[in-house]
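Inspection log for the structure reproduced underneath, given as structure tokens.
The values are calculated or read from the model by the stated rules, or taken from the named source; none is laboratory data. Computed from a predicted model, the values in this text were never measured in an experiment. Methodologically, a virtual Cβ is constructed for each residue, glycine included, from the backbone with ideal geometry; neighbour enumeration extends over all protein chains shown.
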Amino acid sequence: MKHTIAALVENRFGVLARIAGLFSARGFNIDSLTVGETEDPTISRMTIVVEGDDRVLEQVMKQLNKLVDVIKVSDISSQKFVDRELVLIKVNAPRSRRSEIMEIAEVFRAKIVDISPNTLTIEATGNEDKIKAIIGMLKPFGIKELARTGRVAMLREFRGEV
Amino acid sequence: MTGAEIFVECLKREGVKEFFGYPGGAVIPLFDELYKHWEEFRFILVRHEQAAAHAADGYARATGKVGVCIATSGPGATNLTTGIATAYMDSVPIVAFTGQVRTAMIGSDAFQEADVTGITRPITKHNYLVKDVEDLARIIKEAFYIARTGRPGPVLVDVPVDIGLAETEFDYPEKVELRGYKPNYKGHPLQIKRVAKAIEESERPLLYIGGGVVISGAHEEVRQLAEKANIPVTTTLMALGTFPPDHPLYLGMPGMHGTRYANMAFIECDLIIAVGARFDDRVTGKIDAFAPHAKIAHIDIDPAAISKNVKVHIPVVGDAKLILRELLPLVKPRPRNSWNDQIDEWKRKWPLTYRNSDSVVKPQYVVEQIYEATKDRETIIATEVGQNQMWTAQYYKFHRPRTLLTSGGLGTMGYGFPASVGAQVGRPDALVIDIAGDGSIQMNIQELATVVQHGLPIKIAILNNGYLGMVRQWQELFWGRRYSAVDIAVQPDFVKLAEAYGIKGMRIEHPSEVRDAIEEALKEPGPVLMDFRIEREENVFPMVPAGKALHEMIGGLA
């Protein structure tokens, strides 16, 4: 099962290496890892997606918590959260098929960010399902290049049942 | 103040009196400052940086204080790493200072440059590269704090040459504020109540005591708990000395070379109360067959140690001593029952034993005789790793915590001798003995010069079988007696070697000479090296073969 872990860490050199090193040393696989500054410039936020059963997750969380530079760790996938990923897709787009691709982009509220005689580059954001779906739709045209940011996530503020 | 002045001042403020190390280009500024304060410290110049780390570790284990070592950049620092990893695995508080190339040259593959914070990241509790002299005092303060609090461990501070020369205002922080590091000492009251209830409901409880009890100083509370509820006690290698060895409730050490009765107790018990122990594979044997009937309560300061190897039913995170003090009044006295009788019967049936000889020296006999000769003195025993370590654990009776120094987690050959250097420096009053193998002792034999230079009256007992004995034992038992690369009968004349360093050397080849030789060595005011020529193919028994369950022990029957 996939888990999304949010970690607040000291915004210092070497912290990313510490965390990545912990994962490899303990034999945990990272699906994706994103990192960036928060509203407090001394703190960075990492969103780490890991695959594993509950025991693996428990160890990952505990080991992360042991690091002196890690301030707070939470498994947000056990609660209500929003997650987004950004993807850039460079797809084969001969003139004859361009409008078809642009239609797909529109359905996904994606943007065309670059155009050349034979390609279109599309920027899409969304949760995992949406990203998977747009990639699936564009695959038949021939994807030349794909870049994904990895997931960022945040707990929902209103957590009651709707 | 210059960085070097700050370094020395910080050591003083942390109460460091003795420390260990080896100089080099990148730490000359620090050593130059030390030179001005030479009389205020006892600096032990070792002969190899690895020994400095082990000595700091032995000092810390023997005294309970933070051990300090220092080495230069590059090879000096990489030589420390085995000692740092050893301390990390056994939760020993040391602070290691390493030199580094000038900040402007970092990353340029400069002479004697190595990415030391990178290399030591997985083997330190935390580490620092000092990039600004203004951070130096705070970092040193934090390093000592992190090393000795929570689950202790090694912390490394990498100091570039120019940091030692740069100047700043000295400001030593009063308090350490680390938002990501707040160790928890007090156990959750509800969880403590659940442990008390589990003990009350249990028919066959077992106390499983680990090194955390030594660190926390909780041995007295462990004894009170055991006696109040008549709970049998087994102590791991790291915890030998925390429970009276002749106590009727004592089961000795469990695991691969533990007693049969301790291992059977794990198999048959219905409740394990683990205190400061971590269910290491050398203790549990085949994990799926470990303690099949037991509910497990686990008291540990490290949340990550809980449910790592076995599933724990009642976790209690915090300091062992504080938690046991809370627990004691909640535990109802429990009369002896058939479980205690069962254990007594096992103890009678399977005593730890070996076949002695009147023609050839048996290693177990040597260890027993060392015990007999030293039991009335304050004695600290260090061991190397392998058969010598296990025979010592089995046949030396440790009465007090911090009297056995041994590399339990990492299993570092070459640890014992430099660790005894540290112990002797920290405990000048105590008799310090390193029980070694002929393989291990040669891994740090150069420290004989350190011992002589600093007047440390350490006694070394080599159990010499001309083999890398533990590997040979495995080859004999499980690898068709194919003795691949274990014959080290080609070795120096250890007596002459001792004499070459200017210390007394003795060779003991007959059982009848053993006790007299030990007595003679103990009378000698200076260091002594004893070369016991033992039975070449003696094995450590009993033994749980790797991958087998605890009740599948072989050998060692009377």
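Flag: B:Phe290 does not match the condition of being among the hydrophobic types (A, V, I, L, M, F, W, C) and surrounded by 24 or more Cβ atoms within 10 Å (Cβ to Cβ).
Among the residues of region A:90-112, is there at least one that is exposed (fewer than 12 other Cβ atoms within 10 Å of the Cβ) and under 29 Å from A:Thr38 (Cβ atoms)? Yes: one or more hits.
For region B:294-324, enumerate the residues that are within 14 Å of another protein chain (Cβ to nearest Cβ) and part of a strand (DSSP E or B). Passing the criteria: B:His298, B:Asp300, B:Pro315, B:Val317.
How many residues are of a type in the set (Lys, Arg) and touching a residue at least 40 places away in the same chain (Cβ under 8 Å) if we restrict to region A:63-102?
Of all residues in region A:63-102, those of a type in the set (Lys, Arg) come to A:66, A:72, A:80, A:84, A:90, A:95, A:97-98.
Keeping just the survivors that are touching a residue at least 40 places away in the same chain (Cβ under 8 Å) gives A:72, A:80, A:84, A:90, A:97.
Residues that pass the stated criteria total 5.
Among the residues of region B:484-500, those identified as in a loop (DSSP other than H, G, I, E, B) and within 17 Å of B:Gly469 (Cα to Cα) are B:Ser484, B:Ala485, B:Val486, B:Ile488, B:Ala489, B:Val490, B:Gln491.
Residue check: A:Leu64 meets all listed conditions (1) in contact with a strand residue (DSSP E or B) (Cβ under 6 Å, 6 or more places away or on another chain); (2) more than 10 Å from chain B (Cβ to nearest Cβ); (3) modelled with pLDDT of 95 or more but one, namely (2). State whether the residues of region B:512-524 include one that is surrounded by 15 or more Cβ atoms within 10 Å (Cβ to Cβ), part of a loop (DSSP other than H, G, I, E, B), in contact (Cβ under 8 Å) with a residue 12 or more places away in the chain and not hydroxyl-bearing (Ser, Thr, Tyr). Taking every residue of region B:512-524 in turn, none turns out to be surrounded by 15 or more Cβ atoms within 10 Å (Cβ to Cβ), part of a loop (DSSP other than H, G, I, E, B), in contact (Cβ under 8 Å) with a residue 12 or more places away in the chain and not hydroxyl-bearing (Ser, Thr, Tyr). Taken together, the criteria place A:Phe13 among residues that are without any contact (Cβ under 8 Å) to a residue 24 or more places away in the chain, surrounded by fewer than 20 Cβ atoms within 10 Å (Cβ to Cβ) and within 12 Å of chain B (Cβ to nearest Cβ).
Can you tell me which of B:Asp90, B:Asp115, B:Asp109 is over 28 Å from B:Arg148 (Cα atoms) and acidic (Asp, Glu)? When all the criteria are applied, what remains is B:Asp109.
Of a type in the set (Asp, Glu) and buried (at least 23 other Cβ atoms within 10 Å of the Cβ): does that describe B:Asp270?
Details: of a type in the set (Asp, Glu): yes; buried (at least 23 other Cβ atoms within 10 Å of the Cβ): no.
For B:Asp270, the condition - of a type in the set (Asp, Glu) and buried (at least 23 other Cβ atoms within 10 Å of the Cβ) - is not met.
Taking B:Val421, is it in contact with an Asp or Glu (Cβ under 8 Å, 6 or more places away or on another chain) and surrounded by 24 or more Cβ atoms within 10 Å (Cβ to Cβ)? Spell out the reasoning first.
On the way: in contact with an Asp or Glu (Cβ under 8 Å, 6 or more places away or on another chain): yes; surrounded by 24 or more Cβ atoms within 10 Å (Cβ to Cβ): yes.
For B:Val421, the condition - in contact with an Asp or Glu (Cβ under 8 Å, 6 or more places away or on another chain) and surrounded by 24 or more Cβ atoms within 10 Å (Cβ to Cβ) - is met.
Evaluate the following for A:Ile143: is it touching a residue at least 12 places away in the same chain (Cβ under 8 Å), more than 14 Å from every other protein chain (Cβ to nearest Cβ) and surrounded by fewer than 18 Cβ atoms within 10 Å (Cβ to Cβ)?
On the way: touching a residue at least 12 places away in the same chain (Cβ under 8 Å): yes; more than 14 Å from every other protein chain (Cβ to nearest Cβ): yes; surrounded by fewer than 18 Cβ atoms within 10 Å (Cβ to Cβ): yes.
So A:Ile143 fits the description; yes.
Taken over region B:403-434, the residue count meeting the criterion of being closer than 23 Å to B:Ala373 by Cβ, part of a loop (DSSP other than H, G, I, E, B) and within 9 Å of the chain's Cα centre (by Cα) is 1.
Identify all residues within region B:111-126 that are more than 9 Å from chain A (Cβ to nearest Cβ), touching a Leu at 6+ places or on another chain (Cβ under 8 Å) and within 18 Å of A:Ser24 (Cα to Cα); write none if there are none. Give the derivation first.
Of region B:111-126, the ones more than 9 Å from chain A (Cβ to nearest Cβ) are B:111-116, B:119-120, B:123-124.
Okay, now just the ones that are also touching a Leu at 6+ places or on another chain (Cβ under 8 Å), so B:116, B:120, B:124.
Passing the criteria: B:Thr120, B:Thr124.
For B:Val101, the criteria (1) within 14 Å of another protein chain (Cβ to nearest Cβ); (2) more than 23 Å from B:Ala51 (Cβ to Cβ) hold in every case but one, which is (1). Residues that are exposed (fewer than 12 other Cβ atoms within 10 Å of the Cβ) and of a type in the set (Ser, Thr, Tyr) within region B:473-493 comprise just one, B:Ser484.
If you go through region B:28-47 and pick out every residue that is buried (at least 21 other Cβ atoms within 10 Å of the Cβ) and within 21 Å of B:Ala382 (Cα to Cα), you end up with 2.
Here the helices (runs of 4 or more DSSP H) wholly within region B:67-169 that include at least 1 residues being in contact with a Pro (Cβ under 7 Å, 6 or more places away or on another chain) and surrounded by 22 or more Cβ atoms within 10 Å (Cβ to Cβ) are B:75-89, B:133-148, B:161-165.
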